[in-house]
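Participant: Please find one structure pasted underneath; my questions will follow.
The values are calculated or read from the model by the stated rules, or taken from the named source; none is laboratory data. All values reported here derive from a predicted model rather than from experimental measurement. Quick reminder, even Gly has a Cβ in these numbers, built from the backbone with ideal geometry, and neighbours come from all protein chains shown.
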Amino acid sequence: MRKDSTPRDMLLDRRVVERNIRAGIVTREEYDASLRALVDTGENAESIRARLGEDEVAPDVDEPEEDDDAEG
């Protein structure tokens with residue numbers, strides 16, 4: 001049993017888990033099991049637009065860019 005009070009999910013955080021596996025704090029099997037237990041929340045994702053400059057707005061990935069030459 002561990003003597004510190006670090007929450008278990010913090011030990012399995014992807015930013016530190018390799019270090020914790022090397023140190024013997026968690027096992028690779030425990031980490032793999034935690035990954036398998038994660039729920040897919042992809043349907044909750046939302047597309048957003050981001051400002052890249054003062055007047056420039058990034059186009060949506062799903063919307064094709066308009067072609068100025070096609071307006072005739």
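Participant: Considering only residues that are surrounded by 10 or more Cβ atoms within 10 Å (Cβ to Cβ) and of a type in the set (A, V, I, L, M, F, W, C), look in segment 24-53 and name the one that is farthest from the chain's Cα centre (by Cα).
Facilitator: Top of the filtered list is Ile25.
Participant: Within segment 7-18, does at least one residue satisfy the condition of being modelled with pLDDT under 90, among the acidic types (Asp, Glu) and not in a loop (DSSP other than H, G, I, E, B)?
Facilitator: Yes, segment 7-18 contains a residue that is modelled with pLDDT under 90, among the acidic types (Asp, Glu) and not in a loop (DSSP other than H, G, I, E, B).
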